[in-house]
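*Asks:* There's a structure below that I have some questions on.
The values are calculated or read from the model by the stated rules, or taken from the named source; none is laboratory data. Source: prediction; values computed, not measured. Virtual Cβ from ideal backbone geometry, glycine too; neighbours counted across all protein chains shown. Surface areas here come from the heavy atoms of the whole protein model, side chains and all, with no ligands, DNA or RNA. Shrake-Rupley method; radii C 1.70, N 1.55, O 1.52, S 1.80 Å.
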Amino acid sequence: MDYERIKEKLSILADAAKYDVSCSSSGSKRKNTTNGLGDSSGMGICHSYTEDGRCVSLLKILLTNHCIFDCAYCVTRKSNDIKRAAFKVQEVVDLTIHFYRRNYIEGLFLSSGIFKDADYTMERLIQVAKKLRLEENFNGYIHLKSIPGASDELMREAGLYADRLSVNIEIPTKSGLKLLAPDKKHEDFMKPMEKVKNEIIQYKQESKLIKRTPRYAPAGQSTQMIIGASGESDRDIMYSATFFYKKYNMKRVYYSGYVPVANDPRLPALGSKVPLLRENRLYQTDWLLRFYGFDIRELLNEQHLNLDLEVDPKLSWALRNRHLFPVNINRVEKQLLLRIPGIGLKSVNKILHARKFRKLNWEHLKNIGIAMNRAKHFITCDSREFEVKEPSSEYLKNIILGTSSGKFRKDIGSQLSLF
């Protein structure tokens, strides 16, 4: 083995993989019961944290950065003058096993540029996972990227060896994709998503009847959208995300702020700031839709096409709906309790439990851990303390901003670090 050449390939293909952020803890339960290598139960991906607080990592690389497409937003597009490299299937297998044995990683995240065609590329990705599972008896976490346009047969096989599959939708709207990647078809992204969804449903049904039914993508599927490359509004982005959650049962949709990599009139200029704050607001909105009971139309609609960058989306909604507040923290139902700014899921559960035993006052709420600088303007409690009634939402917003601090208050750098 030419170690210098392998090292060079690893440098090139690991760097190219950093733009893909569609990663999370696996949610898989592939336990090691065969005296093999690894155990993906409860594990995740590089520099992520599991529920019990462990930091876990994986080998995150491209199989190749050669690509037949010329997407304007992609650093590996065929017209870009960069160093090209490609791993052999066995090289990826060997790297994964060697890194695992040295305790560098706990799994593999494998993506690829598309060379020759979608099926040829997908076959090689599957070969890596198949060799790891069957020849190396590797039970660690494997996340494979689904190649748009790959056949149903290959997508079924991929799910038998991978813990999670993901196909990146890349640009949130059809018009944006047509503008920046005219060689790609929107339906090619949908086809593998539909196949994975149907196979997961079929597996769940069959496993109820047959215990030894082969597991299929136990950690589900995810996707990623590039934000800030094609001019979509936040409403367009989140309506697309909502569609993927409902239509394809996505585990996660990721929002990746566009890193300027090309001098193209269709794209933001080189040196433009990465929209990190906007990316953060989209993730917060995603969380509200998935866990807090909000409807997308409450947060983004014809009157509000974009999220307020100054305040988080829950506070922005509350300021627009002052007629619903203040609410009595000791009597309000859970649904509205979840909508109070400054109160998260854990705090809601603590409040519901604590008020079974006594009425809560400001000191109790502070000890529970709610963000008092925001929450106190929207609630009443068991206290004689005078409550200020601010005359307008704009005035209240300024008061809250004056008492807030956050990681995005400072100037945002022009380059995004994903490692």
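*Asks:* On C-alpha positions alone, give me the angle between the axis of helix 393-402 and the longest principal axis of the chain, in degrees, nearest 10.
*Replies:* Helix 393-402 sits at roughly 70 degrees to that axis.
*Asks:* Quick one: helix 152-161 against the long Cα principal axis of the chain, what's the angle to the nearest 10°, folded into 0 to 90?
*Replies:* Here the helix axis deviates by roughly 80 degrees.
*Asks:* Here is a further query. List the aspartates and glutamates whose Cα sits under 16 Å from the Cα of Lys356, skipping any in the same chain fewer than 8 residues away.
*Replies:* Cα-Cα hits under 16 Å: Glu333, Asp382.
*Asks:* Got a number for the accessible area of His323? Probe 1.4 Å, square angstrom, nearest 10.
*Replies:* Using a 1.4 Å probe on the heavy atoms, I get roughly 140 Å².
*Asks:* Within the chain, what's the longest run with no GluC sites (Glu not before Pro) in a DSSP loop and at most 13 other beta-carbon atoms within 10 Å? Give the range, please.
*Replies:* The longest uninterrupted stretch comes out as 52-301.
*Asks:* With a cut-off of at most 11 other beta carbons within 10 Å, and DSSP calling the residue loop, which trypsin sites (Lys or Arg not before Pro) in region 168-223 qualify? Please list them.
*Replies:* Filter output for region 168-223: Lys208, Lys211, Arg212.
*Asks:* Still on this structure, I have one more. Work the Kirkwood hydrodynamic radius out for region 160-218: mean of 1/r over every pair of different alpha-carbon atoms, inverted, in Å.
*Replies:* Averaging 1/r across every pair of different Cα atoms and inverting gives 13.3 Å.
*Asks:* Which loop-located trypsin sites (Lys or Arg not before Pro) does region 106-167 contain, where loop means any DSSP state but H, G, I, E or B and the Cβ has at most 11 other Cβ atoms within 10 Å?
*Replies:* Lys116
*Asks:* Return the calculated 222 nm mean residue ellipticity for the chain, to the nearest 500 deg cm²/dmol, obtained by summing -39500 (n - 2.57) across DSSP H runs with n ≥ 4 and dividing by the residue count.
*Replies:* Mean residue ellipticity, 222 nm, calculated: -11500 deg cm²/dmol.
*Asks:* Beyond 28 Å, what percent of the Cα pairs of the chain remain?
*Replies:* Taking all Cα-Cα pairs of the chain, the fraction more than 28 Å apart is 55 percent.
*Asks:* Per residue, how much accessible surface does region 3-272 expose to a 1.4 Å probe? Answer in Å², no decimals.
*Replies:* Here the per-residue accessible area is 45 Å².
*Asks:* Report, in degrees rounded to the nearest 10, the 0 to 90 angle that the Cα long axis of helix 234-248 makes with the longest principal axis of the chain.
*Replies:* 60
*Asks:* Still on this model: Could you derive backbone 3J(HN,Hα) for region 287-298 from the dihedral phi with the Karplus parameters 6.51, -1.76 and 1.60 (θ = phi - 60°), listing whole Hz in sequence and x where the residue is Gly or Pro?
*Replies:* In residue order, the calculated couplings are 5, 5, 6, 8, 10, 10, x, 7, 9, 4, 5, 6 Hz.
*Asks:* If you don't mind, there's one more thing I want to ask. State which entries of Lys251/Lys350; Lys251/Lys346; Lys191/Lys346; Lys346/Lys397 exceed 30 angstrom in Cα-Cα distance in the structure shown.
*Replies:* Pairs exceeding 30 Å: Lys191/Lys346.
*Asks:* I'd like the distance separating the alpha-carbon centroids of region 253-331 and region 134-167, in whole Å.
*Replies:* If we compute the Cα centre of each part, the gap is 32 Å.
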